[in-house]
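Note sheet for the following structure.
The values are calculated or read from the model by the stated rules, or taken from the named source; none is laboratory data. These numbers come from a predicted model, not from an experiment. Counting neighbours? That spans all protein chains shown, and the Cβs are built from the backbone with ideal geometry, glycine included. Only protein heavy atoms, including side chains, enter the accessible area calculation; ligands, DNA and RNA are left aside. Shrake-Rupley method; radii C 1.70, N 1.55, O 1.52, S 1.80 Å.
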Amino acid sequence: MRKMKISKDDIIFDTINYILLSCVLIIVLYPLYFIVIASISDPTAVSNGQLKFLPIDITFEGYKRIFQDRLILSGYKNTIKYTVVGTTINIFLTMMTAYPLSRKDFSGRKALMIFLMITMYFNGGLIPTYLIVKHLGLINNWLIMVLKGAVSVYNIIIARSFLQSSIPEELYEAAVIDGCSHIKFFTRVVLPLSKAIIAVLVLFYGIVHWNEFFTALIYLRDEKLYPLQLILRSILLENQMQDAMMNNIDDINNQQYIADLIKYGMIIVASLPLLVLYPFLQKYFVKGVMIGSVKG
């Protein structure tokens, strides 16, 4: 078998390409690496710009303070529960809505799509929403974390575009000939062929649920129901309040030292699960986003 001869131009192109990609990789990864080493380094060195590539005066006091809080494990458990249950509901409602909207034989789909899109630009506001939630009995109820915002119109549009471009009409016609109803076609054909877009939706919805704190801040009262983000926020505010209440300059400096460590540690604690999950969904993420954005 003859080997292809690599030209000088190809070698130059590959070299430049690898150099550029390496630069992009460093630009993307260095901020993450900096946060990691900053969370275990002397905050004074970080604020003075002395921290570059290696940690300085390594200390784990920030992580120690974070995990000393009695509610941190409860926050992790609650956030995982809200993320898993909420994302499951999101995927179910989004796909169930996107499928009929993708069908050309669905009467009134354009009018319904316009109605849904209006909700992307107009809403009732915080006070009317709070009153509705109160009348539904969802104040201080963990269900508010998974039911409020249970479906995203933006994600419905992405899922609908995927189904329109990836599920051929001939497949449905063949299924009908075999006596398949819409429900059977959706569950046995559409869903198995929609793994890519489902993975994208899991990532989209999962990130929202994992980072959610405002809904908990407004509607939850019991600390045992707090998600991780709200507990981390409480830890940070508690340290800042202690800082403000101190009169001794040495105590204030020490408290500020701890607060700075906690800030960086909080970023790692809150982001690590998502950073671990993302590589497994990346290939589906790129495919799904391209289909959802290019196909109108």
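Summary table
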read-out: Ile58 being outside any helix (DSSP H, G or I) and either in contact (Cβ under 8 Å) with a residue 24 or more places away in the chain or open to solvent by less than 80 Å² (accessible area, probe 1.4 Å) (or both); value: no
read-out: Selection count, the stretch 22-55, where residues are open to solvent by 30 Å² or more (accessible area, probe 1.4 Å) and either under 28 Å from Ala216 (Cβ atoms) or touching a His at 6+ places or on another chain (Cβ under 6 Å) (or both); value: 4
read-out: Selection within the stretch 130-155 - in a helix (DSSP H, G or I), among the hydroxyl-bearing types (Ser, Thr, Tyr) and in contact (Cβ under 8 Å) with a residue 60 or more places away in the chain; value: Tyr130
read-out: Scope the stretch 19-53; condition in a loop (DSSP other than H, G, I, E, B), under 23 Å from Arg65 (Cβ atoms) and touching a Phe, Trp or Tyr at 6+ places or on another chain (Cβ under 9 Å); matching residues; value: Ser39, Ile40, Ser41, Asp42, Leu51
read-out: Unmet criterion (only one of (1) open to solvent by less than 50 Å² (accessible area, probe 1.4 Å); (2) within 30 Å of Lys148 (Cβ to Cβ); (3) modelled with pLDDT of 80 or more) for Ile80; value: (1)
read-out: Residue satisfying all of: in the stretch 164-216; within 14 Å of the chain's Cα centre (by Cα) and not in a helix (DSSP H, G or I); surrounded by the fewest Cβ atoms within 10 Å (Cβ to Cβ) among these; value: Phe213
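Let's see how each residue does on (1) touching an Asp or Glu at 6+ places or on another chain (Cβ under 9 Å); (2) free of Cβ contacts under 8 Å to residues at least 12 places away in the same chain:
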site	(1), (2)
Arg65	no, no
Arg70	no, yes
Gly86	yes, no
Gly108	no, yes
Ile114	no, yes
